[in-house]
Amino acid sequence: MAGLFIANVDFFIVNVAIPSLQRNMHATSAEIQLVAATFNIGLSAMLITGGRLGDLYGRRKVFSIGLALFTLSSLACGIAPNMAELIVARAVQGASAALVIPQVLGILTTAYTGKARVAAFNAYGITMGASAVFGQLIGGLLIKADIFGWDWRTIFLINAPIGAVVLLLTPKKVPESRAEGRTGLDWTGVILVTAGLSAIVVPLVQGREQGWPTWTWECLIAAVPLLAAFWWTQRRKAARDKSPLVHPSLFEDRAFGVGVVSLLVFFAAMASFFLVLALYLQEGRGLSALRSGLLFIPLGLGFFIGSAQSPKVAAKLGKQVLTIGALIQAVGNVALAVTAWELDGSGSVGWCIPAMVVAGFGMGFVIAPLASLVLEGVAPRHAAAASGVFSTAQEMGNAIGIAVIGVVFFGVVGHGTGAHTYAHAFGTSLLVQAGICAVVAALVQLLPGRAKAS
């Protein structure tokens, strides 16, 4: 969980360092975008390959290698003398995180059974959600503390001691596991899936800022034949009893196939929620990174209460716990939108807290049991590969959600100025996110009836 937390939090934490980077490194807006984008691209494109490497060569071994590379690249980010080296280090950091994250679920799948596995999956969901909910707060606190005068560098350097401790404990605490048989890596699949996913993620991450130039649409179109060719090669290799990167039999389990789609759609709403909330608080209401981060505490409180209660509900209602959670989050989003519109850029943002607690509660209700409900039928030999697909769906959802909601939010902001405009943009975006949550609730009904986290 510690490895998962530091790898996942770096997706969110860098946002609070943007003002300091611009001031201290004289960074251009394009360079700032690349600091975030290179991490996202490296992570999203490599997750499936990272998961398969764990199945082939040992999940603990690949986890340790990935964490060592992540720790070293975090150190490189923290001491980078210029923006070019920081951007390169961030790309390596993202690719290293792609080796770490899928091994976590793979290890949990093979190390635990029955109720212990459900509890482990719940811990995974809580850790994943907490890293998203508190990433901005942690970053704001670290930059405010300004340890040794390191300013923004602290958010990267803090990973070094944590990573070192986790690396020392891993051989003692984490059992080794791998898939049966020792076949080689499917390099054709690696190339096709990496190219296909990159062709989606790169334009989604960069497109809005650049005004959606022609190359972004060309990339998105090119992704279709690349991923189609990938799927065709996977089916062909599986039919010949070879070792595909992603075995098609994974998607024969309806809980996995529908669950992955539901995960993608849910994270499209969740990641974009954090984006527009941070923009509203900092740009619309003029709060500092730390003060806006402190307002994430009520969201986190609701999240942890929802996470604590969801296993009990999941044991009784199975998949419908996800329906309840998605609808509660939708209600919280609508309530927050109405509150923002009523405040209209003035008045205390404290009035937003009740709706934020409700939205956080809904998030916790979904995230904590989701991994258990989706991965319960996956064969142990495909554990890390399935986790790679699972994590890729999450990252793709992040990218799609931020791109779509970014268009909505900045489309409204572009038609006006001031706090009133930001409040209107924030509320409009929240209504779209509420609709996405409703789609998740509908998708959950396609999960098999047997799906019950107990």
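The values are calculated or read from the model by the stated rules, or taken from the named source; none is laboratory data. No experiment lies behind these values; they were computed from the predicted model shown. Every residue, glycine among them, receives a Cβ derived from its backbone with ideal geometry; neighbour counts consider all protein chains shown.
Residue pairs whose Cβ atoms lie under 8 Å apart, separated by 6 or more positions or on different chains, with the first residue in region 112-128 and assigned by TED's automatic domain parsing to the domain that holds residue 391 and the second outside any helix (DSSP H, G or I) and modelled with pLDDT of 85 or more, are 119/112; 120/112; 123/1; 124/1; 127/1.
Restricting the first member to region 346-363 and to residues that are modelled with pLDDT under 95, and the second to residues that are in a loop (DSSP other than H, G, I, E, B) and not β-branched (Val, Ile, Thr), the beta-carbon pairs closer than 6 Å and six or more apart or on different chains are 349/285. Hey, any hits in region 65-79 for a residue that's surrounded by fewer than 21 Cβ atoms within 10 Å (Cβ to Cβ), at positive phi and without any contact (Cβ under 8 Å) to a residue 60 or more places away in the chain? Checked region 65-79: no residue is surrounded by fewer than 21 Cβ atoms within 10 Å (Cβ to Cβ), at positive phi and without any contact (Cβ under 8 Å) to a residue 60 or more places away in the chain. The set of residues in region 184-242 that are among the small types (Gly, Ala, Ser) and in contact with a helix residue (DSSP H, G or I) (Cβ under 7 Å, 6 or more places away or on another chain) comprises 189, 195, 196, 198, 199, 207, 222, 223, 229, 238. Looking only at region 200-230, residues that are modelled with pLDDT under 90 and either assigned to a helix (DSSP H, G or I) or surrounded by 12 or more Cβ atoms within 10 Å (Cβ to Cβ) (or both) come to 12 in all. With respect to residue 419, is the statement that it is over 26 Å from the mean Cα position of the chain (by Cα), surrounded by fewer than 24 Cβ atoms within 10 Å (Cβ to Cβ) and in contact (Cβ under 8 Å) with a residue 60 or more places away in the chain true? Considered against the rule, which asks whether it is over 26 Å from the mean Cα position of the chain (by Cα), surrounded by fewer than 24 Cβ atoms within 10 Å (Cβ to Cβ) and in contact (Cβ under 8 Å) with a residue 60 or more places away in the chain, residue 419 comes out as yes. Here residue 257 meets the list (1) assigned to a helix (DSSP H, G or I); (2) surrounded by 19 or more Cβ atoms within 10 Å (Cβ to Cβ); (3) within 21 Å of the chain's Cα centre (by Cα) almost entirely, failing just condition (2). Against the criterion of being surrounded by fewer than 22 Cβ atoms within 10 Å (Cβ to Cβ) and in contact with a Phe, Trp or Tyr (Cβ under 9 Å, 6 or more places away or on another chain), residue 378 does not qualify. Is it true that residue 89 is under 26 Å from residue 199 (Cα atoms) and small (Gly, Ala, Ser)? Spelling it out, residue 89 is indeed under 26 Å from residue 199 (Cα atoms) and small (Gly, Ala, Ser).
In the set 442, 383, only one residue is in contact with a helix residue (DSSP H, G or I) (Cβ under 9 Å, 6 or more places away or on another chain) and either farther than 26 Å from residue 123 by Cα or crowded, with 18+ Cβ neighbours inside 10 Å (or both); that residue is 383. Residues in region 290-302 that are buried (at least 23 other Cβ atoms within 10 Å of the Cβ) and small (Gly, Ala, Ser) were compared, and the one that is farthest from residue 414 (Cα to Cα) is 302.
Taking first residues from region 298-322 that are over 11 Å from residue 366 (Cα atoms) and partners that are β-branched (Val, Ile, Thr) and at pLDDT below 85, the Cβ contacts under 7 Å between residues at least 6 apart in sequence or on separate chains come to 299/133; 300/133. Taking region 83-181 and the helices (runs of 4 or more DSSP H) fully enclosed by it, the elements with 3 or more residues that are within 19 Å of the chain's Cα centre (by Cα) and either buried (at least 24 other Cβ atoms within 10 Å of the Cβ) or among the polar types (S, T, N, Q) (or both) are at 83-111, 114-145. Screening 401, 411 for residues that are surrounded by fewer than 21 Cβ atoms within 10 Å (Cβ to Cβ) and of a type outside the set (Ser, Thr, Tyr) leaves exactly one candidate, 411.
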